[in-house]
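Trainee: Shown below is the structure under consideration.
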There are 2 protein chains.
Amino acid sequence: MGADIEIVCIGNELLIGKVLNTNASWLGKYTTNLGISVKRVTICSDDIQEIASVIRETLNRKPQFIITTGGLGPTYDDKSLQGIAKALDRKLQINAEAFKMVQEKYAEYSKTPNLEACEMSAARVKMATLPEGTTALPNPVGTAPGVYFSFEGVVVVALPGVPKEMEAIFEASVVPLLRQASGEMGFYEESIYADNIMESVLAPLIDIVMHDNPFVYIKSHPRGRESKPHIELHFSMLWKSSENPKQILNKAISQLADLIEKNRGKIFQKTK
Amino acid sequence: MGADIEIVCIGNELLIGKVLNTNASWLGKYTTNLGISVKRVTICSDDIQEIASVIRETLNRKPQFIITTGGLGPTYDDKSLQGIAKALDRKLQINAEAFKMVQEKYAEYSKTPNLEACEMSAARVKMATLPEGTTALPNPVGTAPGVYFSFEGVVVVALPGVPKEMEAIFEASVVPLLRQASGEMGFYEESIYADNIMESVLAPLIDIVMHDNPFVYIKSHPRGRESKPHIELHFSMLWKSSENPKQILNKAISQLADLIEKNRGKIFQKTK
């Protein structure tokens with residue numbers, strides 16, 4: 001069994017549909033491509049009690065990794081670390097390492113004309129106030145540090161919600177951990193497109209091919225209507241470095257393409 | 001207290017970041033605008049056990065409504081109704097109403113040249129096989145019916161994953177229920193944009209305005225960098241028809257805009 005991960009996205013803006021959850025999608029794609037199985041994504045509000053509940057529930061499912069996004073900034077609505085502290089029943093305290101990181105950022109910003117001086121106000125100290133026993137992760141492109149800890153065997157990383165900050169901390173500090181956990185696993189995927197065959201006619205053909213190719217997962221995505229079918233067929237598999245995923249997938253693709261053509265469907269390879 | 005809702009999105013394609021979860025975002029915006037509070041969004045895989053767990057956990061939190069998306073189609077990977085049946089400990093059985101809906105669709109499609117005849121194959125009957133004690137909802141633009149039931153006071157609606165089908169069933173069959181539950185509640189929001197003031201400087205100003213305007217929620221969204229600030233300030237509130245939300249929000253907006261300008265920030269009204 002490979003490693004698995006859950007993603008927790010914190011922010012009212014995601015729940016009310018103001019912001020599309022591109023963070024979950026970006027993280028899902030990245031971790032999948034590292035051969036890690038994404039088990040669940042949860043979006044919750046900027047509410048300490050709700051964040052604590054979600055974190056506790058997620059920890060109880062014992063994924064190997066949990067990544068949270070959002071709620072690490074200086075404002076009132078940034079409550080992720082308070083929620084995590086509550087979930088762990090730990091105190092929040094100024095983290096010396098995080099304090100230094102934030103302080104250095106503001107010393108740098110203070111060189112920009114018209115911006116405030118570099119004193120550590122309450123809002124700035126807030127970004128350096130972490131649950132006890134956690135580690136600050138440097139933010140290469142923004143201010144709020146990420147936060148890392150391990151709890152009963154689950155590695156948890158809290159990242160900011162601003163996409164480019166989330167991505168930068170993830171790539172610098174989280175990817176190495178994930179690579180190590182993933183070991184020799186990888187993910188391979190390919191799509192073909194079929195016209196002129198209804199999804200309900202495809203269904204038993206997919207069953208045959210999945211039965212004959214037990215390591216390949218096939219999912220159909222209707223892009224047209226059932227009465228004017230245009231369907232993406234997505235083939236994917238988790239593989240070990242000892243395998244040849246392209247060859248395994250291509251065998252399944254050929255078999256399904258043949259069956260579709262025998263049923264008067266038309267195949268387009270890798271077209272959108 | 002107004003009505004609340006949870007959204008459950010079922011589909012591997014969402015977890016692996018192949019497809020952006022526009023359904024959750026569309027539903028979140030729509031229901032919020034009806035004055036209904038979106039409490040949580042959960043994405044899970046096409047796995048019967050996992051779907052059943054998520055449905056059970058969501059039912060246990062007792063939101064007024066649960067909407068699920070995805071997994072109602074004819075193929076192997078469409079497992080939502082199996083998962084729901086397992087969660088409720090109910091049998092799956094052919095639903096006469098749903099059977100008629102699906103059958104009529106294929107009778108219609110069979111008029112299109114080059115498509116299969118209208119017989120009810122196993123894959124087609126699957127779309128009419130619902131957990132016992134549930135109701136089929138007509139799909140105005142696609143094939144698979146939606147599914148409606150009430151369980152221990154929670155109204156649950158299962159919708160397809162194809163966005164235009166999900167939206168059509170939602171608007172025809174779900175919106176009336178939500179309007180009734182929402183009663184006189186509504187949602188009002190407005191944004192202003194501030195340049196030249198860091199989020200960490202804004203934080204205590206937002207605190208003052210939220211304290212003075214207890215019904216208004218203010219959330220800052222950094223669109224630039226802390227060192228070159230461009231920040232969206234999003235003001236929102238749930239309101240009753242007896243109130244004047246525009247007036248209440250504008251009072252908070254004016255107060256914050258004044259404070260920002262006193263701190264050398266620059267305000268842009270409603271610009272992106």
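Trainee: Identify the single condition in (1) over 23 Å from B:Thr143 (Cα atoms); (2) surrounded by 14 or more Cβ atoms within 10 Å (Cβ to Cβ) that A:Pro229 does not satisfy, given that it satisfies every other one.
Mentor: With respect to (1) over 23 Å from B:Thr143 (Cα atoms); (2) surrounded by 14 or more Cβ atoms within 10 Å (Cβ to Cβ), A:Pro229 is out only on (1).
Trainee: Here is a further query. Give segment A:176-217 a look and list any residue that's without any contact (Cβ under 8 Å) to a residue 40 or more places away in the chain, open to solvent by 10 Å² or more (accessible area, probe 1.4 Å) and assigned to a loop (DSSP other than H, G, I, E, B), or say none.
Mentor: Within segment A:176-217, A:Pro214, A:Phe215 meet the criteria.
Trainee: Would it be correct to say that A:Ile192 is among the hydrophobic types (A, V, I, L, M, F, W, C), within 12 Å of another protein chain (Cβ to nearest Cβ) and touching a Leu at 6+ places or on another chain (Cβ under 9 Å)?
Mentor: On the way: among the hydrophobic types (A, V, I, L, M, F, W, C): yes; within 12 Å of another protein chain (Cβ to nearest Cβ): no; touching a Leu at 6+ places or on another chain (Cβ under 9 Å): yes.
Criteria not met by A:Ile192.
Trainee: Looking at B:Arg56, B:Arg90, which is the one that is under 22 Å from B:Ala136 (Cα atoms), without any contact (Cβ under 8 Å) to a residue 60 or more places away in the chain, away from chain A (no Cβ under 13 Å) and surrounded by fewer than 23 Cβ atoms within 10 Å (Cβ to Cβ)?
Mentor: Working: B:Arg56 fails: away from chain A (no Cβ under 13 Å).
Step by step, each of B:Arg56, B:Arg90 is checked, and only B:Arg90 is under 22 Å from B:Ala136 (Cα atoms), without any contact (Cβ under 8 Å) to a residue 60 or more places away in the chain, away from chain A (no Cβ under 13 Å) and surrounded by fewer than 23 Cβ atoms within 10 Å (Cβ to Cβ).
Yes/no matrix, rows are residues, columns are (1) open to solvent by 30 Å² or more (accessible area, probe 1.4 Å); (2) small (Gly, Ala, Ser); (3) on the phi > 0 side of the Ramachandran plot:
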position	(1), (2), (3)
B:Ala52	no, yes, no
B:Phe65	no, no, no
B:Gly70	no, yes, yes
B:Thr75	no, no, no
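Trainee: Can you tell me which of (1) closer than 21 Å to A:Gly83 by Cα; (2) in a helix (DSSP H, G or I) is the one A:Ser150 doesn't meet?
Mentor: (2)
Trainee: Of the residues in segment A:35-50, how many are open to solvent by less than 20 Å² (accessible area, probe 1.4 Å), more than 9 Å from chain B (Cβ to nearest Cβ) and of a type in the set (A, V, I, L, M, F, W, C)? Steps first, answer last, please.
Mentor: Let us first name the residues in segment A:35-50 that are open to solvent by less than 20 Å² (accessible area, probe 1.4 Å), namely A:35-36, A:38, A:40-44, A:46.
If we keep only those that are more than 9 Å from chain B (Cβ to nearest Cβ) as well, we get A:35-36.
When the remaining residues are screened for being of a type in the set (A, V, I, L, M, F, W, C), the result is A:36.
Going through segment A:35-50 one residue at a time, the tally reaches 1.
Trainee: Tell me yes or no: at least one residue of segment B:47-66 is touching a helix residue (DSSP H, G or I) at 6+ places or on another chain (Cβ under 7 Å) and within 23 Å of A:Lys228 (Cβ to Cβ).
Mentor: no
Trainee: While we're on this one: So in segment B:10-24, with the set limited to residues that are under 20 Å from B:Ala172 (Cα atoms) and open to solvent by less than 20 Å² (accessible area, probe 1.4 Å), which one is farthest from the other protein chains (Cβ to nearest Cβ)? Walk me through how you get there before you give the answer.
Mentor: Taking segment B:10-24 as the starting set, the residues that turn out to be under 20 Å from B:Ala172 (Cα atoms) are B:22-24.
Among the residues that remain, those that are also open to solvent by less than 20 Å² (accessible area, probe 1.4 Å) are: B:23-24.
On the way: B:Asn23: 10, B:Ala24: 7 Å.
Going through the qualifying residues, I end up with B:Asn23.
Trainee: Are there any pairs with C-beta distances below 9 angstrom linking a residue in segment B:112-127 that is at pLDDT below 70 to a residue that is in a helix (DSSP H, G or I) and of a type in the set (A, V, I, L, M, F, W, C), with the two at least 6 apart or on different chains, and if so which?
Mentor: B:Leu115/A:Val201; B:Glu116/A:Val201
Trainee: Of the residues that sit in segment B:232-249 and are touching a residue at least 24 places away in the same chain (Cβ under 8 Å) and either open to solvent by 50 Å² or more (accessible area, probe 1.4 Å) or more than 12 Å from B:Glu190 (Cα to Cα) (or both), which one is nearest to the other protein chains (Cβ to nearest Cβ)? Before you say what the answer is, go through the steps one by one.
Mentor: Within segment B:232-249, the first condition is being touching a residue at least 24 places away in the same chain (Cβ under 8 Å), and the residues that meet it are B:232-242, B:245-246, B:248-249.
Filter again for either open to solvent by 50 Å² or more (accessible area, probe 1.4 Å) or more than 12 Å from B:Glu190 (Cα to Cα) (or both), leaving B:238-242, B:246, B:248.
Values: B:Leu238: 11, B:Trp239: 14, B:Lys240: 18, B:Ser241: 20, B:Ser242: 23, B:Lys246: 18, B:Ile248: 18 Å.
Across segment B:232-249, the extreme among qualifying residues is B:Leu238.
Trainee: Within segment A:74-84, which residues are within 11 Å of chain B (Cβ to nearest Cβ) and either of a type in the set (A, V, I, L, M) or touching a helix residue (DSSP H, G or I) at 6+ places or on another chain (Cβ under 6 Å) (or both)?
Mentor: Residues of segment A:74-84 that are within 11 Å of chain B (Cβ to nearest Cβ), as a first pass: A:74-78.
Listed by number, the residues that qualify are A:Pro74, A:Thr75, A:Tyr76.
Trainee: Still on this structure: Taking segment B:118-153 on its own, how many of its residues are more than 13 Å from chain A (Cβ to nearest Cβ) and small (Gly, Ala, Ser)?
Mentor: Here the count works out to 5.
The values are calculated or read from the model by the stated rules, or taken from the named source; none is laboratory data. Note that this is a predicted model, so its numbers are computed, not measured. Quick reminder, even Gly has a Cβ in these numbers, built from the backbone with ideal geometry, and neighbours come from all protein chains shown. Accessible surface areas use protein heavy atoms only, side chains included; no ligands, DNA or RNA. Shrake-Rupley method; radii C 1.70, N 1.55, O 1.52, S 1.80 Å.
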